[in-house]
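Peer 1: Mind having a look at this structure? Questions to follow.
The values are calculated or read from the model by the stated rules, or taken from the named source; none is laboratory data. This structure is a prediction, so every number in the text was calculated from the model and none was measured. Cβ placement follows ideal geometry from the backbone for every residue including glycine, while neighbour counts extend to all protein chains displayed. Side chains included, ligands, DNA and RNA excluded: accessible areas come from the protein's heavy atoms. Shrake-Rupley method; radii C 1.70, N 1.55, O 1.52, S 1.80 Å.
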Amino acid sequence: MTEGNAEKEPITFVDNRKIDPETGEIRQPAADNGAAAAQAPEPGNGADNGDGEALADTISGELAERTADLQRLTAEYANYRRRVERDRKAAIDSAKASVVTELLGVLDDLDRARAHGDLESGPLRSVADKLTAALLKQGLEEFGSEGEPFDPTLHEAVQHEGSGHDPVIGIVMRKGYRFGDRVLRHALVGVTDGVADLTANADQPTEEASDVDAGANDR
């Protein structure tokens, strides 16, 4: 019986080779495959969706923070550039104004020579014209001429004729100069009454005379 049953039992071969002879790939044990399948999360698991949304929110928050930092740095750099450019321009203008101030005495000498007729012809006239043109090109402006309204912020009055409330410049003793918004030197002037004051003063004696005539006729 035993020998007969042994002959009838099928023979089963178990291939325990780790490498598949047909494909050459490494085989995974059946037990390991089952455990891995049990541990692997299903594609539609709700826990994975929650973790993904949290990660996306974290990334979005960090991106917004980095963007705000970049914008702040860009604004600070732009302000820095404007401040440096403003300071550089102010330094250049200050240096120019200092040089031009040293040349105001030369311009006064040229004005006196021109007033005496020494610059009507000759090489000195060419030098004076070139110097004046170069300084005006750099931004120098002269002010203070007869007939201009008197401005105490620009003019320095050394004499005053009349007693009106609309004073104008009657005589210029020394020109004033400014460089841009900076006054380098005030004009030295003599002040007199304006046209409105002169007209009022001229009309006043006529009115008084009319009053006197009217009184004489009454008598």
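Peer 1: Considering only segment 137-183, state which residues are in contact with a Ser or Thr (Cβ under 9 Å, 6 or more places away or on another chain) and of a type in the set (S, T, Y).
Peer 2: Y177 - this is the single residue of segment 137-183 that is in contact with a Ser or Thr (Cβ under 9 Å, 6 or more places away or on another chain) and of a type in the set (S, T, Y).
Peer 1: Another question, then. Have a look at G194, G176, G180 and point out the one that is among the small types (G, A, S), in contact with a helix residue (DSSP H, G or I) (Cβ under 7 Å, 6 or more places away or on another chain) and either open to solvent by less than 50 Å² (accessible area, probe 1.4 Å) or at pLDDT below 50 (or both).
Peer 2: On the way: G194 fails: in contact with a helix residue (DSSP H, G or I) (Cβ under 7 Å, 6 or more places away or on another chain); G176 fails: in contact with a helix residue (DSSP H, G or I) (Cβ under 7 Å, 6 or more places away or on another chain).
When all the criteria are applied, what remains is G180.
Peer 1: Criterion first (closer than 30 Å to P167 by Cα, open to solvent by less than 60 Å² (accessible area, probe 1.4 Å) and modelled with pLDDT under 90) does G147 satisfy it?
Peer 2: The answer is yes for G147.
Peer 1: Can you tell me which residues in segment 160-169 are modelled with pLDDT under 90 and surrounded by 12 or more Cβ atoms within 10 Å (Cβ to Cβ)?
Peer 2: Answer for segment 160-169, where residues must be modelled with pLDDT under 90 and surrounded by 12 or more Cβ atoms within 10 Å (Cβ to Cβ): H160, E161, G162, G164, D166, P167.
Peer 1: Could you look through segment 94-124, keep only residues that are open to solvent by 50 Å² or more (accessible area, probe 1.4 Å) and acidic (D, E), and pick out the one that is nearest to the chain's Cα centre (by Cα)?
Peer 2: By that ranking, first place goes to E102.
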